[in-house]
Amino acid sequence: MYNRNEIKEQLRKAMEFYSELGFEYLPVRNISTAGGHPPHGKETAGGHAGKDRGEELGSLRAATGECRRCRLSEGRRNIVFGEGSPEAGLMFIGEGPGRDEDIQGRPFVGDAGKLLTKLIAKMGMKREEVYIANIIKCRPPLNRNPREDEIAACLPFVEKQIEIINPRVIVCLGKVSAHALLGTDIPISRLRGNFLQYRGIPVMPTFHPAYLLRNPKDKWLTWDDMQKVLEKMKGG
Ligand code: SF4
């Protein structure tokens, strides 16, 4: 439990952040929905301050603007914000854009993206039915790993996307995503396969599709993880 001063400090930080993103109000959820996930495909009364999720994501994208919060803005062609259904029950979060994504401004459109799209289809869904985003929104030079300060600068965007979409399950693709969202440095080979929690939402860490392209023998492990995700989405 937070004490009064800690709550004030949390509120101050939240207001600073939202104001920086161009929001004129703090999006506050109806307390009656705070403990559970409202049915997707429907907006609950009082949720999202009267806006629908699509509008809120649009406002967030607009507020992101031509972000220059970190040095990755210098070499990017496009901010890769994320795409998919604002009502998605399942959210995939990767590391950051590569060359193809930077050119097209869309997440997971290169070879790794094609593998992810196949995986989603194998799970019985369409790509448009889930939401796909990354921890960082701009391509690092030569596809190097994002640095800690870059992750810290960009993390609020994906955190806000998660808050708006409020998925039933999140899949973290690769160690950068899992470490940033879950605040751990346990290797992905040990993290994967077990659910953890992000603000009450079950999170399944698994291998990044780019890793699976290099190590196809491990594809079955990711498929195993996705079976657990499907079970969880059914309420298991
Ligand atoms: S990586 Fe994120 S924080 Fe950095 S410039 Fe791009 S959008 Fe902004």
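Would you check if there is a residue in the range 94-102 being within 19 Å of Trp223 (Cβ to Cβ), in contact with a strand residue (DSSP E or B) (Cβ under 9 Å, 6 or more places away or on another chain) and not in a helix (DSSP H, G or I)? Looking for residues that are within 19 Å of Trp223 (Cβ to Cβ), in contact with a strand residue (DSSP E or B) (Cβ under 9 Å, 6 or more places away or on another chain) and not in a helix (DSSP H, G or I), one finds at least one in the range 94-102, hence yes.
Beta carbons closer than 8 Å, at least 6 apart along the sequence or on distinct chains, pair a first residue in the range 48-71 that is modelled with pLDDT of 95 or more and aliphatic (A, V, I, L, M) with a second that is more than 16 Å from the ligand (Cβ to nearest atom) and part of a helix (DSSP H, G or I) for Leu57/Ile164; Leu57/Ile165; Leu60/Ile164. Give me a count of the residues in the range 74-100 that are within 15 Å of the ligand (Cβ to nearest atom), in contact with an Asp or Glu (Cβ under 8 Å, 6 or more places away or on another chain) and within 15 Å of Asn134 (Cα to Cα). Looking only at that region, the number is 4. Is it the case that some residue within the range 63-71 is outside any strand (DSSP E or B), buried (at least 22 other Cβ atoms within 10 Å of the Cβ) and among the β-branched types (Val, Ile, Thr)? Within the range 63-71, not a single residue is outside any strand (DSSP E or B), buried (at least 22 other Cβ atoms within 10 Å of the Cβ) and among the β-branched types (Val, Ile, Thr). Does Lys122 qualify as being free of Cβ contacts under 8 Å to residues at least 40 places away in the same chain, touching a helix residue (DSSP H, G or I) at 6+ places or on another chain (Cβ under 8 Å) and more than 16 Å from the ligand (Cβ to nearest atom)? When the stated conditions are applied, Lys122 does not pass them. Taking the numbered list (1) more than 16 Å from Met91 (Cα to Cα); (2) of a type in the set (Ser, Thr, Tyr); (3) in contact with a helix residue (DSSP H, G or I) (Cβ under 7 Å, 6 or more places away or on another chain) in turn, Ser189 passes all entries but (3).
Can you say whether Ile136 is within 13 Å of the chain's Cα centre (by Cα), of a type outside the set (Lys, Arg), modelled with pLDDT of 95 or more and assigned to a helix (DSSP H, G or I), as far as the supplied structure shows? No; evaluated as a whole, the condition is false for this residue. Of all residues in the range 105-119, one or more are away from the ligand (no atom under 13 Å from the Cβ), in contact with a helix residue (DSSP H, G or I) (Cβ under 9 Å, 6 or more places away or on another chain) and of a type in the set (Asp, Glu).
The values are calculated or read from the model by the stated rules, or taken from the named source; none is laboratory data. Here the structure is a predicted model, which is why all the values come from computation and not from measurement. All Cβ positions, even for glycine, are placed from backbone atoms using ideal geometry, and neighbour counts span all protein chains on display.
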